[in-house]
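**Student:** I have a structure I would like to understand better, so I am pasting it below and will then ask my questions one at a time.
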Amino acid sequence: MSISSIAFSNEIRKAVLKMVFEANASHIGGALSMTDLLAVLYSEILNINPKNPLDESRDRFLLSKGHACTGLYAALALKGFFDLKELDSYSKNGSMLLSHTNHKAPGVELSTGSLGHALPVACGIALAAKRKNKAFKTYCLLSDGELDEGSNWEAILFAPQHRLNNLIAIVDYNKIQSFGLVKEVLDLDPLNRKFESFNWNVIEIDGHNHDQIFEAFGKAKANLIKPSVIIAHTVKGKGVDFMENKLLWHYKSPSLEQYRQALEQLNSQ
Amino acid sequence: MRTAFINQLVEEARKDEKVFLIVGDLGFSVVEPFANAFPERFLNAGVAEQNMTGIAAGLAMEGYTVFTYSIANFPTLRCIEQIRYDICYHNLNVKIVSVGGGYAYASLGASHHATEEIGMLRTIPNLIVSAPGDPIEAKAITRLLVKDKRPSYIRLGKAGEPIVHSGINNFTIGDGLCLHKGDQTAILTTGAMLKYASDFIQNNKLNFGLYSFPFIKPMDAIMLKQISQSYQKIITLEEHQRSAGFGSAVLECLHDLIEQKKINSIPYVKRIAIPDKFISVAGSQDHLRNLSGLILNTHN
Ligand SMILES: [Mg+2]
């Protein structure tokens, strides 16, 4: 399938909406906020082969915010890592598609769900690539809320020390965490200066602008000295107007009426 | 034990280029032989055990056989969720090594007493849990685990423990070891209590059986079955809390054997373990063992 990243992001959003609605599940807001990042990654950036998901030379992508797994499952199914029909089983009895990212699904590198786990693992993978002289890159997408976890800051301290220029972190900075605004729970600002002072290459973008996202990955890959972080300013619930910037949509599943309304909005985008 | 471990690890790393060692800013005057011989397969991750354990998972995903190494509770309790989720759920080839099991770092205080980790770790699926009893066992277990792909934990003592075994043969993962058979009573130990139990039997000229169980998980059920059929009394001895440790694992296994109708009755079992308490005074390892009642008596 060859579709532009913007059309791809719309397909992901519709699949996410359907999964969450049919499973009566949570976490749609955080899945929609990172959708444009995933769409560019999976259509333009990652060197991956759906026919050989464990190809040794592949780029590694780790989703640290495992609760937003519907976005990743949709991207993988749309790319052909597994059958699109599999998405219908999401969160149902016996499904490999748990409602936190599960490595039993083809194309998923790491199971996540407990926050603050993937960046240390990504450091290990990137370190292995350096020690073995492998050219692949390791990408790790984090939420803003999970930057509360100290384990992330251990990894943020580690990566520049070991010159992990093959590591690219992305922060889905949607400004809302589980039980409040990031600013009011544990303020991260100035996040760019925090990463800069830890010796990271910092790139700050609008996380819904596909040109900016594409360009940011290019800049990150071009930095041969430091690990890079892309701070992507995003909107929780992006794409469905009544879900945007609402904490409620960290938890709520749409009603039938809301589902139809949301789908209509996505269909007209 | 730690010397036996590191020497064996260096030997294995010479033969197997996948062996990787990560330390949590500890190992001064112990790990240097490995670090110097294999700088490309050595890492000091700093004082950051959660990250160290996540890194180990990432390296293992890329094909390395990774050993994490630190002391007391730091490579285990401090990062137990990384052990459970990153390593064990993904069934990765990581070996967690803790030096200073039990009260080995006696005077350093409760922060450095590793007296609960066996109970916590043995509930985690996929994880092998071991506590060698002397340097011979430590060396043999290191050799076995390098060849095994499963996640595992090794509780080591410190430096300078005496050798108890004259040698061990046909040893594989999960095996208990019989040092000598006896008459009515068998003492079963795990970890560094082995030497004390051996001395106790010799000094008192007792006709007791002595068994070392370097693996708490998997437990050697076949050996336990033989013991339960040969002795009237079993004494378990461990440098660990009474709850959920080695003695508990022995009782569970004996009960499973009854349930599976593999044995008809269970011998009297006396568990000697730490009675659910912290020690908050200074002292030698022997002194702390005494304070916790880790003592064998001829009338036990
Ligand atoms: Mg957020």
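The values are calculated or read from the model by the stated rules, or taken from the named source; none is laboratory data. In this text the structure is predicted, and so the values were computed from the model without any measurement. For neighbour counting, all protein chains shown are included, and Cβ atoms are generated from backbone atoms with ideal geometry for every residue, glycine included. Accessible surface is based on the protein model in full, side chains and every heavy atom, while ligands, DNA and RNA are left aside. Shrake-Rupley method; radii C 1.70, N 1.55, O 1.52, S 1.80 Å.
**Student:** Residues of the stretch B:2-156: accessible area per residue at 1.4 Å, in Å²?
**Tutor:** For the stretch B:2-156, the solvent-accessible area averages 32 Å² per residue.
**Student:** Please calculate the 1.4 Å probe accessible area of A:Asp55, with all protein chains present, and give it to the nearest 10 Å².
**Tutor:** Here the accessible area works out near 50 Å².
**Student:** Could you run the numbers on buried accessible area between B and A, total for both chains, 1.4 angstrom probe, in Å² to the nearest 100?
**Tutor:** Interface between B and A: roughly 2200 Å².
**Student:** Over the Cα atoms of the protein assembly as shown, compute the convex hull volume and normalise it per residue, giving Å³.
**Tutor:** 165
**Student:** Right, something else. How many percent of Cα pairs in the stretch A:3-267 exceed 23 Å?
**Tutor:** Taking all Cα-Cα pairs of the stretch A:3-267, the fraction more than 23 Å apart is 47 percent.
**Student:** Oh, and also: Which residues of the stretch A:154-168 end up with at least 30 Å² less accessible area in the presence of all protein chains than when their chain stands alone, using a 1.4 Å probe?
**Tutor:** At a threshold of 30 Å² (probe 1.4 Å), the residues of the stretch A:154-168 that become less exposed are A:Glu154, A:Phe158.
**Student:** In whole percent, what relative contact order does the stretch A:3-267 give with Cα contacts below 8 Å and a gap of six or more residues?
**Tutor:** Dividing the mean separation by the residue count of the stretch A:3-267 yields 24 percent.
**Student:** GNM on chain A, C-alpha springs below 10 Å: top fluctuator among A:Asn201, A:Asn102, A:Asn24?
**Tutor:** A:Asn24
**Student:** Can you tell me which of A:Leu142, A:Leu76, A:Leu157 moves the most in a GNM of chain A? Springs connect C-alpha atoms under 10 Å apart.
**Tutor:** Per the Cα network of chain A with a 10 Å cutoff, A:Leu157 tops the list.
**Student:** Here is a follow-up. For the protein assembly as shown, which whole percent of the accessible surface, found with a 1.4 angstrom probe, sits on carbon and sulfur atoms?
**Tutor:** That share works out to 50 percent.
**Student:** Expressed as an acute angle from 0 to 90° and rounded to the nearest 10, what is the orientation of the C-alpha long axis of helix A:150-161 relative to the principal long axis of chain A?
**Tutor:** 40
**Student:** Picking from B:Leu294, A:Ala155, A:Ala75, whose Cα lies most toward the positive end of the charge dipole for the protein assembly as shown (charges on Cβ: Lys, Arg +1; Asp, Glu -1)?
**Tutor:** The Cα lying farthest towards the positive end belongs to B:Leu294.
**Student:** Students sometimes get this wrong: rank B:Phe278, A:Phe214, B:Phe67 by accessible area, probe 1.4 Å, all chains present, largest first.
**Tutor:** Largest to smallest exposure gives the sequence B:Phe278, A:Phe214, B:Phe67.
**Student:** Per residue, how large is the accessible surface of the stretch B:221-300? Use a 1.4 angstrom probe and give square angstrom.
**Tutor:** Accessible area per residue, the stretch B:221-300: 53 Å².
**Student:** Modelling each spin label as a point 7 Å along the Cα-to-Cβ direction, I'd like the B:Asn91/B:Lys18 distance in nm, to one decimal.
**Tutor:** Computed distance between label sites B:Asn91 and B:Lys18 equals 1.5 nm.
**Student:** What percent does the relative contact order of chain B come to when contacts are Cα pairs within less than 8 Å and at least six residues apart?
**Tutor:** With pairs under 8 Å counted, the relative contact order is 16 percent.
**Student:** Right, here's the next one. As I understand it, the value is the acute angle between the Cα axis of helix A:256-267 and the longest principal axis of the Cα atoms of chain A; what does it come to in degrees, rounded to 10?
**Tutor:** The angle comes out near 60 degrees.
**Student:** Evaluate the distance, in nm, between pseudo-label points positioned 7 Å from the Cα of A:Ile6 and of A:Asn93 along their respective Cα→Cβ axes.
**Tutor:** 4.5
**Student:** Still on this model: Under unit Cβ charges (Lys, Arg +1; Asp, Glu -1), what dipole magnitude, rounded to 20 debye, does the stretch B:153-207 have relative to its Cα centre?
**Tutor:** Dipole of the stretch B:153-207, to the nearest 20 debye: 100 debye.
**Student:** Using only helices, what value at 222 nm comes out for the protein assembly as shown when you add -39,500 (n - 2.57) per DSSP H run of length 4 or more and divide by the total residues, to the nearest 500 deg cm²/dmol?
**Tutor:** Per the formula, -10000 deg cm²/dmol.
**Student:** Can you tell me the Rg and Dmax of the stretch A:35-130, counting just the alpha carbons, in angstroms?
**Tutor:** In order Rg, Dmax, the Cα atoms of the stretch A:35-130 give 13.0, 41 Å.
**Student:** For chain A, modelled as a Gaussian network with Cα springs under 10 Å, which listed residue fluctuates most, A:Leu87, A:Leu186, A:Leu46?
**Tutor:** A:Leu186
**Student:** Still on this model: Per residue, how many Å² of accessible area does the stretch A:62-185 show with a 1.4 Å probe?
**Tutor:** Heavy-atom SASA per residue in the stretch A:62-185 reads 32 Å².
**Student:** In the structure shown, do any of A:Lys134/A:Lys221; A:Lys51/B:Lys149; A:Lys65/A:Lys226; B:Lys18/B:Lys149; A:Lys130/A:Lys194 have a Cα-Cα gap over 18 Å, and if so which?
**Tutor:** Flagged as over cut-off: A:Lys51/B:Lys149; A:Lys65/A:Lys226; A:Lys130/A:Lys194.
**Student:** Now for a different question. Measure nothing but the geometry: give the 0 to 90° angle between the long axis through the Cα atoms of A:69-79 and the longest principal axis through the Cα atoms of chain A, rounded to 10°.
**Tutor:** 90
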